[in-house]
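Below is one structure, written out as structure tokens, with a few remarks after it.
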Amino acid sequence: MTIFIKNGSVVSSTGVIQADVLIDGETIAAVIAPGDTSLGANLEATADQVFDAQGKYVIPGGVDVHTHMELPFGGTFASDTFETGTRAAAWGGTTTIIDFAVQKQGERVQDSLAAWHAKADGQCAIDYGFHQIIGGVDDDSLKAMDELVNEGITSFKLFMAYPGVFYSDDGQILRAMQTAANNGSTIMMHAENGIAIDVLVQQALAEGKTDPRYHSLTRPWETEAEATNRAIMLAKMTGTPLYIVHMSAKQAVQVVQQARDEAWNVFGETCPQYLYLSLEDHLSQPGFEGAKWVCSTPLRSKAEHHQEELWRYLRTNDLSIVSTDHCPFCMKEQKELGVGDFSKIPNGIGSVEHRMDLIFQGVVDGQITLERWVEITATTPARMFGLYPRKGVIAPGSDADVVIYDPAGRTEIGYEKTHHMNMDHSAWEGFNISGHVDTVISRGTVVVDNNQYIGTKGHGKYLKRGMNQYLV
Ligand code: DUC
Ligand code: ZN
Ligand code: ZN
């Protein structure tokens, strides 16, 4: 099967060129400049399928390195399965996800990984890999980290938040970081001071402050900045690369910036919700509506100008990646668990379908360049998590994960409109994007075209990953 994409503007992290793209089987066969007939003059005529991308961008499929399909959380499970979540991702131009296998205290890491394979294998519409959450750092789980690296799981997430659930203390973090430094893997950190947050939460509840907005007010920016600094210093002691997930506070990113200025291997990630949504406009909506936007780290105050600063840090590469932290919960029977007590609202927002569009809007708004859009949503995620150049770039030999994106199109995001995630609402209701995902190709198979999903469950393959390619 060959596919010929003609007349498009092929976008990479380093530039935009007019070129045709030839796909042969599952990989990119050639990127052909206008007038270059060295591969034959008649490629279009002999191709099995032809797309005319005149006036459109041809980009590598999105790589979302932070999703939580079926995550057990707060007495329930994230509402997307690997089947529904990866289908929604495909709709939105994402062709690779990396999800988190979850080990809790007392569980064998290898068993938790097997459980994640059991959930995902044979279910996915697009390719997928795993990070491993270590929720119980002990001799056995540290040993397992070495084993997993040999199986292509090269990143481990620890939590400084959620005491009694996923939380690791500083000694545990240090030991896990020493192990990672030794085996070459990357530590991913949920950097919030969970011990302090728990005190603030109990005090708020005792004062009758139960509405969803108190979720943010009990997780002030200091709890994120303090934990970020502590994580960086612990990582510095061990020499392990450190990737701070879902950053929302500008003060915390400033700490990352300082470490990067020292050429330490510290990297920051943010998510679309922190670039667009706020405490005032979303989390503070009347009644229980704000529960839709309860996630951690929390949405922050618009008045404090975090959003502008996060965009700026994306331009300066102090934030390297935008992923979603896709963790969807329905209002009914899930978010509702926290009626009358914000601390019982399951934490998470569903965005896996909308990341490429939402960040393209940043290009339209002049926040980032076209090249930077591709870099922070596809190329850097692939390089940071050992998938490059198989993923994240349109180049001969790379997997044929390609999106044809129409900058003249429109995408009206909303539950009744573009929504394919397994949720009963959209956190992005009413967002209108100046751009549209027209065609999505996953490893040489067209999975979305003409506003139709034509992919199949089980097409997506498990990805064994290499090491972080950004280390200095
Ligand atoms: N944050 C969320 O919003 N959901 C799941 C876990 C997390 O860290
Ligand atoms: Zn987290
Ligand atoms: Zn997460």
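Can you pull out every residue in the range 426-435 that is farther than 18 Å from Thr67 by Cβ and either surrounded by fewer than 20 Cβ atoms within 10 Å (Cβ to Cβ) or among the aromatic types (Phe, Trp, Tyr) (or both)? Full working, then the answer.
Of the residues in the range 426-435, the ones farther than 18 Å from Thr67 by Cβ are 429-435.
Those that are farther than 18 Å from Thr67 by Cβ and either surrounded by fewer than 20 Cβ atoms within 10 Å (Cβ to Cβ) or among the aromatic types (Phe, Trp, Tyr) (or both): Glu429, Gly430, Phe431, Asn432, Ser434.
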Among residues of the range 438-455 being open to solvent by 10 Å² or more (accessible area, probe 1.4 Å) and not in a loop (DSSP other than H, G, I, E, B), the residue farthest from Gly92 (Cα to Cα) is Thr445
Quick one: would you say Thr27 is more than 26 Å from Ile321 (Cα to Cα), modelled with pLDDT of 95 or more and surrounded by fewer than 22 Cβ atoms within 10 Å (Cβ to Cβ)? no
Considering residues of the range 255-292 that are more than 30 Å from Arg383 (Cα to Cα) and part of a loop (DSSP other than H, G, I, E, B) only, the residue least open to solvent (accessible area, probe 1.4 Å): Ser278
Give the number of residues within the range 295-312 that are under 17 Å from the mean Cα position of the chain (by Cα) and closer than 16 Å to Glu224 by Cβ. 6
With criteria (1) within 16 Å of ligand 1 (Cβ to nearest atom); (2) touching a His at 6+ places or on another chain (Cβ under 9 Å); (3) within 26 Å of Glu147 (Cβ to Cβ), Gly85 comes up short on (3)
One residue is enough: does the range 208-217 have a residue meeting the conditions more than 30 Å from Gly340 (Cα to Cα), crowded, with 23+ Cβ neighbours inside 10 Å and within 16 Å of ligand 3 (Cβ to nearest atom)? no
Enumeration of residues in the range 308-331 that are within 16 Å of ligand 1 (Cβ to nearest atom) and assigned to a loop (DSSP other than H, G, I, E, B): Ser323, Thr324, Asp325, Cys327, Pro328, Phe329, Cys330, Met331
Determine which member of the set Ala118, Ala125 is open to solvent by 10 Å² or more (accessible area, probe 1.4 Å), under 22 Å from the mean Cα position of the chain (by Cα) and more than 16 Å from ligand 3 (Cβ to nearest atom). Ala118
What pairs can you find where one residue is in the range 150-168 and aliphatic (A, V, I, L, M), the other is within 11 Å of ligand 1 (Cβ to nearest atom) and open to solvent by 60 Å² or more (accessible area, probe 1.4 Å), and their Cβ atoms are less than 6 Å apart, with a gap of 6+ or different chains? none
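Filter the range 123-163 down to the residues that are among the small types (Gly, Ala, Ser) and in contact with a helix residue (DSSP H, G or I) (Cβ under 9 Å, 6 or more places away or on another chain) and list them by number. Walk me through it before giving the result.
Going through the range 123-163, the residues among the small types (Gly, Ala, Ser) turn out to be 125, 129, 135-136, 141, 144, 152, 155, 161.
If the condition is that a residue be among the small types (Gly, Ala, Ser) and in contact with a helix residue (DSSP H, G or I) (Cβ under 9 Å, 6 or more places away or on another chain), then Ala125, Gly135, Gly136, Ser141, Ala144, Ser155, Ala161 are the ones that fit.
Yes/no per residue for (1) within 16 Å of ligand 3 (Cβ to nearest atom); (2) buried (at least 23 other Cβ atoms within 10 Å of the Cβ); (3) over 30 Å from Ala291 (Cα atoms); (4) at pLDDT below 95:
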site: Gly136; (1), (2), (3), (4): no, no, no, no
site: Phe166; (1), (2), (3), (4): yes, no, no, no
site: Asp169; (1), (2), (3), (4): no, no, no, no
site: Thr186; (1), (2), (3), (4): yes, yes, yes, no
Taking Val374, is it crowded, with 20+ Cβ neighbours inside 10 Å and under 12 Å from the mean Cα position of the chain (by Cα)? no
Can you tell me how many residues in the range 42-69 are within 16 Å of ligand 2 (Cβ to nearest atom) and either under 22 Å from Thr379 (Cα atoms) or surrounded by fewer than 24 Cβ atoms within 10 Å (Cβ to Cβ) (or both)? 5
Here are Ala180, Ala191, Ala176: which of them is within 16 Å of ligand 3 (Cβ to nearest atom), among the aliphatic types (A, V, I, L, M) and open to solvent by less than 40 Å² (accessible area, probe 1.4 Å)? Ala191
Residue list for the range 332-368, filter: among the acidic types (Asp, Glu) and assigned to a helix (DSSP H, G or I): Glu336, Asp357
For Ile368, only one of the following conditions fails: (1) open to solvent by 20 Å² or more (accessible area, probe 1.4 Å); (2) of a type outside the set (Lys, Arg); (3) over 19 Å from Val65 (Cα atoms). What is its number? (1)
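Being of a type outside the set (Gly, Ala, Ser), touching a Lys or Arg at 6+ places or on another chain (Cβ under 8 Å) and surrounded by fewer than 24 Cβ atoms within 10 Å (Cβ to Cβ): is that true of Asp401 here?
Values: of a type outside the set (Gly, Ala, Ser): yes; touching a Lys or Arg at 6+ places or on another chain (Cβ under 8 Å): yes; surrounded by fewer than 24 Cβ atoms within 10 Å (Cβ to Cβ): no.
Judged against the criteria, Asp401 is not a match.
Looking at the range 293-307, which of the residues that are buried (at least 24 other Cβ atoms within 10 Å of the Cβ) and part of a helix (DSSP H, G or I) is farthest from ligand 3 (Cβ to nearest atom)? Spell out how you get there, then give the answer.
Filtering the range 293-307 for residues buried (at least 24 other Cβ atoms within 10 Å of the Cβ) gives 293-295, 297-300, 306.
Filter once more, keeping what is part of a helix (DSSP H, G or I): 293, 306.
Values: Trp293: 15, His306: 19 Å.
The selected residue is His306.
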Taking only the range 269-295 into account, find how many residues are within 16 Å of ligand 2 (Cβ to nearest atom) and closer than 17 Å to Leu358 by Cα. 7
Kindly list the number of the only condition in (1) within 16 Å of ligand 3 (Cβ to nearest atom); (2) open to solvent by 10 Å² or more (accessible area, probe 1.4 Å); (3) closer than 20 Å to Gly93 by Cβ that fails for Asn347. (3)
Positions within the range 296-334 being away from ligand 2 (no atom under 16 Å from the Cβ) and over 22 Å from Ile376 (Cβ atoms), in sequence order: Ser301, Lys302, Ala303, Glu304, Cys330, Met331, Lys332, Glu333, Gln334
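Can you tell me which residues in the range 351-364 are more than 15 Å from ligand 2 (Cβ to nearest atom) and touching an Asp or Glu at 6+ places or on another chain (Cβ under 8 Å)? Let's see the steps before the verdict.
Taking the range 351-364 as the starting set, the residues that turn out to be more than 15 Å from ligand 2 (Cβ to nearest atom) are 352-364.
Those that are more than 15 Å from ligand 2 (Cβ to nearest atom) and touching an Asp or Glu at 6+ places or on another chain (Cβ under 8 Å): Val352, Arg355.
The values are calculated or read from the model by the stated rules, or taken from the named source; none is laboratory data. These numbers were taken from a predicted model, which means no experiment stands behind them. Glycine also receives a Cβ, built like all others from the backbone with ideal geometry; neighbour counts cover every protein chain displayed. Protein only, heavy atoms only, side chains kept; ligands, DNA and RNA dropped before computing areas. Shrake-Rupley method; radii C 1.70, N 1.55, O 1.52, S 1.80 Å.
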